[in-house]
Amino acid sequence: MAKGNALFDFFAAKRRKSLSPTRIIALTFAAIILLGALLLTLPAASRSGVSCGFRPALFTATSATCVTGLVLYDTWSQWSGFGQIVILSLIEIGGLGFMSAASVFVFFLRKKVGLKQRLIMAQALSLNDMDGVVRLQKLVLTGSLAVEAIGALILTLRFWPEFGFRRALRWGVFHSVSAFCNAGFDILGCLNPGASLIEFNSDPIVLLTLGALVVIGGLGFFVWEEIASRRHFKAFSVYTKLVLISTGVLLLGGTVILCILEWNNPATLGPMNLFDKLLNGLFQSITLRTAGFAAIDQAALTEGSKGFSMLLMLIGGSSGSTAGGLKTVSMVVLVLFVMTRARGRETVSVFKRSIPNDKVMDAMTIATIMIGLALFGGVFISATSPIGFTDALFEAISALATVGITAGATGSLSIPAQILIIIYMYFGRVGVLTISLGFLMGNKAEDRYHYAQTNLLIG
C-alpha cells in the first residue's frame, strides 16, 4: 500500500499543472496576434488584392494588438476595408484586453463569473485582488464604449462637411478607437500617405478630441472607478492621487519643454502661429505617452527633443490602462526612492503613507529591464539597419513602450530588426514584469535560506 501511495505521489507531482492567469493572458495575446496575422495575409485584406506576406502581416497584427502603431506600410494605402476592420478589431481587443471582449458574452448571457475568470480579469486589469473586479470590468466596457462613441461623434461631425458622411463616419470611428486605445493607427493616407495627423496640425477640434481620448484611455480603469464613485480628490486612494498629479505634471511639463526645444525649428513648430505652437506642443506631449499619432514631423525634431521624447515614451501611461511604458506611478516611486535615499532615510512615503519595499523593488526591476532592453535594441537596430543610433534607440523605445511614434526609421528596418521590434511590442504590451514572473520564474529553493551578508563600496 505504501508503494502504491508513493507511485501516486510521484505521478501527481509530475502531472501538468493548469496554466496561471499570467500565462493565459500572455498566450492568449500571442494567439490573437497570430490569428490577426493570418487574416491580414489574405489577398482580400490588401488594397491591391495581393497578399502582403506573413512577416509584414505579423508585424502589423502585433502592432495593432499591442496598441503600438508602428507600421511598415501606410495603413490606408496598404490595407483594404476588410484589412482595416481586422486592424481595428485587434486594436480594440488589445487595448481593452481580451477578457473585456470575452466578458461581453458572459454578461450578455448572464452567466456567473467563476473564480478563475475573476483571477484572469484582475490580472488583465493590473489589480492586486479580486474585490469588485466584475463591477470594474463592467465599468471598463460601458465606459470605454461610451467614450469612444462620443469621440467618434465629434470627429464625424468635424469631418462630415469636408469629406462626406460615409468617409467622416469611418474616420471618426477608426480614429476614436485608435486614440482611446493609445494605438496611433490612422487611415488618413488618402490625403498624404504616412503623414499621420500633419494635415490637421492646425485643427484644434481634431487634435484636442484625439488628445482627450488618449489621456482618458491612459489614466487606467481603476482610476476611472474611483473618480466615478468617490468624486472628490481628498477621497481618492494614494494611487489615484499619484496618477492624476503625475499625469498633469507630465503633460504640462512636457508641453513647456517641447515648445522651448522646438519653438524656432523651421521643420516643426517654427512656421506656426502662437496658438498652433502651443496646441502642437501639448499634443506632442500627449501622443508621446504611448499614443503614436504624429502632428509634426518626428524625423525633423532636434536632438534634444528626441532625447526628451524618449524619456516621455519610457514613462508612458498608468497601470491597468490602454497605455504602455514604465507607468507613471512606477516612475514616481523611483523618484521618491532616490529622494529618500539621498536624504539618508530608509522608508519611502507619500501622502502620509509608506510604500512597501517590494513595490519599490518591482519599480526598480521594471525600469532596469526596460532601460537595458532599450539600449540593446538601439545598438542592435543601428548595427543591422542603415539607421543612426539616436533614431534606432527612438524606434526601440517606441516599440518597447508601445508608443508607435517613429523618426522615420521603421521603413528602413532590416528583417532581424523587424523581428526584434515585433518581440519588443509584444513584450511591452503583455508586461515585462508579467512575462518575467509568469515564464521565467525559476527554482524557489534559494528563497528558503539566506547567505551571510557582505559589505560593498557603493558610489
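The values are calculated or read from the model by the stated rules, or taken from the named source; none is laboratory data. Keep in mind the model is a prediction, meaning the values are calculated, not measured. Backbone-built Cβ (ideal geometry, glycine too); neighbour counts: all protein chains shown. Accessible surface is based on the protein model in full, side chains and every heavy atom, while ligands, DNA and RNA are left aside. Shrake-Rupley method; radii C 1.70, N 1.55, O 1.52, S 1.80 Å.
I want to confirm something. Restricting to segment 369-379 and keeping residues that are out of contact with any helix residue (DSSP H, G or I) (no Cβ under 6 Å at 6 or more places or on another chain) and farther than 27 Å from GLY217 by Cβ, which single residue is least open to solvent (accessible area, probe 1.4 Å)?
GLY372
Find the helices (runs of 4 or more DSSP H) located wholly in segment 196-310 whose residues include 1 or more that are farther than 29 Å from TYR73 by Cβ, open to solvent by less than 50 Å² (accessible area, probe 1.4 Å) and of a type in the set (Val, Ile, Thr), and list them.
Ranges flagged: 221-230, 238-262.
Might you check whether a residue that is within 21 Å of the chain's Cα centre (by Cα), at pLDDT 90 or above and of a type outside the set (Asp, Glu) occurs anywhere in segment 155-164?
no
Restricting to helices (runs of 4 or more DSSP H) lying wholly in segment 43-133: which have 2 or more residues that are at pLDDT 90 or above, closer than 22 Å to ALA30 by Cα and within 16 Å of the chain's Cα centre (by Cα)?
It comes to 54-65, 81-96.
So which residues in segment 386-415 are crowded, with 24+ Cβ neighbours inside 10 Å and in a loop (DSSP other than H, G, I, E, B)?
Selection gives ALA401, THR402, VAL403, GLY404, ILE405, THR406, ALA409.
Identify all residues within segment 329-353 that are open to solvent by 50 Å² or more (accessible area, probe 1.4 Å) and modelled with pLDDT under 90; write none if there are none.
ARG341, ALA342, ARG343, GLY344, ARG345, GLU346, THR347, SER349, PHE351, LYS352, ARG353
Looking only at residues in segment 134-154 that are at pLDDT 85 or above and of a type in the set (A, V, I, L, M), which one is surrounded by the fewest Cβ atoms within 10 Å (Cβ to Cβ)?
Filtering segment 134-154 for residues that are at pLDDT 85 or above and of a type in the set (A, V, I, L, M), the one surrounded by the fewest Cβ atoms within 10 Å (Cβ to Cβ) comes out as ALA146.
Quick one: what pairs do we get from segment 202-230, first residue within 24 Å of GLY172 (Cα to Cα), second among the aliphatic types (A, V, I, L, M) and open to solvent by 30 Å² or more (accessible area, probe 1.4 Å), C-beta under 6 Å, 6+ apart or different chains?
Within 6 Å, the pairs are THR209/ILE154; ILE216/VAL147.
Any residue at all in segment 331-354 that's under 25 Å from LEU72 (Cα atoms) and aliphatic (A, V, I, L, M)?
So far as segment 331-354 goes, no, none of its residues is under 25 Å from LEU72 (Cα atoms) and aliphatic (A, V, I, L, M).
Of all the residues that make up segment 151-172, how many are without any contact (Cβ under 8 Å) to a residue 24 or more places away in the chain and among the aliphatic types (A, V, I, L, M)?
4
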